[in-house]
């Protein structure tokens with residue numbers, strides 16, 4: 001079965017508000033990545049957080065990782081219309097190379113202007 | 001400068017036909033991938049190549065055959081197309097083979113419709 005499951009499946013918020021998406025996974029991981037996919041486009045890498053990190057920031061993005069709960073969250077602050085997209089977490093099981101990246105089910109975020 | 005490019009962007013064909021999708025990356029990466037994204041946006045890896053060598057081969061029908069003529073190119077040939085093959089196919093590349101260690105760069109996708 002899938003490694004990652006995002007919650008919620010869909011989220012609509014007003015522009016300027018913060019958006020929080022959650023990801024849960026099942027097996028031990030070395031790292032967790034978040035990607036964004038705009039409609040009709042390929043995925044774009046947002047941030048990678050390692051298993052020994054608890055929090056990471058990149059611009060308006062804040063990612064947390066709780067390995068004890070096997071979960072991660074992505075917070076987008078001060079949302080903009082351009083943030084409308086689907087967001088996916090992706091994990092690879094702990095290993096020694098050639099691990100495949102498994103994507104979650106995605107959260108569809110809509111920013112209402 | 002396009003990092004990962006795919007052709008064609010759209011592909012409409014009939015059941016039973018054979019088709020190919022091409023992918024090229026100019027990032028100098030060693031590893032390339034093919035993913036399939038279904039209508040529910042679920043993205044699943046199909047194949048991965050490192051320096052022209054197949055390293056990941058998921059449970060994919062034999063009708064799908066990847067080919068990597070060099071490390072900058074990874075093509076996907078599909079024989080005897082079926083309705084269930086309709087999906088968006090993404091090519092991606094990364095610096096190394098360890099799936100979780102490196103960010104992956106995705107192409108724009110090829111929307112395949114089988115009628």
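The values are calculated or read from the model by the stated rules, or taken from the named source; none is laboratory data. Treat the numbers as computed from the prediction; the structure is a model and nothing was measured. Backbone-built Cβ (ideal geometry, glycine too); neighbour counts: all protein chains shown.
Within segment A:1-37, the set of residues being part of a loop (DSSP other than H, G, I, E, B) and either buried (at least 18 other Cβ atoms within 10 Å of the Cβ) or more than 13 Å from the chain's Cα centre (by Cα) (or both) comprises A:1, A:2, A:3, A:15, A:16, A:17, A:18, A:26, A:27, A:28.
Take the residues in segment B:68-112 that are away from chain A (no Cβ under 14 Å), over 15 Å from the mean Cα position of the chain (by Cα) and in contact (Cβ under 8 Å) with a residue 60 or more places away in the chain; name whichever of them is surrounded by the most Cβ atoms within 10 Å (Cβ to Cβ). Taking the candidates together, the pick is B:81. Residue-level analysis places residue A:40 among those that are at positive phi, modelled with pLDDT under 95 and surrounded by fewer than 16 Cβ atoms within 10 Å (Cβ to Cβ).
Residue under question is residue B:27, and the condition is that it be more than 14 Å from residue A:103 (Cβ to Cβ), more than 14 Å from chain A (Cβ to nearest Cβ) and modelled with pLDDT of 90 or more; does it hold?
So residue B:27 does not fit the description; no.
If you go through segment A:76-102 and keep only what is surrounded by fewer than 16 Cβ atoms within 10 Å (Cβ to Cβ) and either in contact with a strand residue (DSSP E or B) (Cβ under 6 Å, 6 or more places away or on another chain) or modelled with pLDDT of 95 or more (or both), you end up with A:77, A:78, A:80, A:81, A:82, A:94, A:98.
Scanning segment A:1-45 for residues that are over 19 Å from residue B:38 (Cα atoms) and at the interface with another protein chain (Cβ under 9 Å from one of its Cβ atoms) returns A:29, A:30, A:31, A:32, A:33, A:45. Just one of the listed residues (B:65, B:5) is surrounded by fewer than 19 Cβ atoms within 10 Å (Cβ to Cβ), part of a strand (DSSP E or B), touching a strand residue (DSSP E or B) at 6+ places or on another chain (Cβ under 8 Å) and in contact (Cβ under 8 Å) with a residue 40 or more places away in the chain, namely B:5.
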